[in-house]
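Inspection log for the structure reproduced underneath, given as structure tokens.
Rule-based calculations on the coordinates, nothing more; no lab input. Everything numeric in this text was worked out from a predicted model, so none of it was measured.
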Amino acid sequence: MFRLIIIAVIVLVALWAVGMYNGLIKTRNLVQEAWRQIDVELKRRHDLIPNLVETVKGYAAHEKGTLEGVMQARSAAMSGGQGPAAAAQSEGMLSQALGRLFAVAEAYPDLKANSSFLALQQELTSTEDRIASGRRYYNANVRELNTKVETVPSNIVAGMFNIGRGEYFEVEGGEREVPGVSFGSIAPGPAITGPPATPQDTIPPASPNP
């Protein structure tokens, strides 16, 4: 009888550990899936920028420093091997460069009325919207994973199988607004996490752990 009780306890503990492990793996997979969705939108954002720069160049070619700054920030944001935290920092720098570009565009009425410019702005606004939505979903899953990794008893199973914390996709300094400049009837997109907003740090309209 005693042996049966021991076997029953072992079976229950094993079942508990399996259930806990499966829950951790499911949450980790959700984090990875959410990041892939953000990565797709970031790539789309990066793909829009060259056309945006070329359009502005047609009206403000002498703004060479601003245009080059955007492309340099884009290159840094596209560099491989960045985790979510590092990517958020790079995207924050790119947002600042784009803010300066759109501030320059304010001085060119013909540019602001250009159909290609307006279309790119709208595309970028839509992309920023999806990035913001994806960031919230991703960070919520990271928070759930980290809670499981850090709390008893799930942290025991996480430690046994080397399941670690996830990184948040956010930049210190709170939300950055999208955007501070207005072009025609196109409305600003929603805010996404980034560095402290300044008049030059806003993201142009129409492209990422608690």
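At a Cα cut-off below 16 Å, give the lysines reachable from LYS57, other chains included and same-chain residues fewer than 8 away excluded.
In chain and number order, the partners are LYS112.
What percentage of all Cα-Cα pairs in the range 2-46 are separated by more than 15 Å?
64
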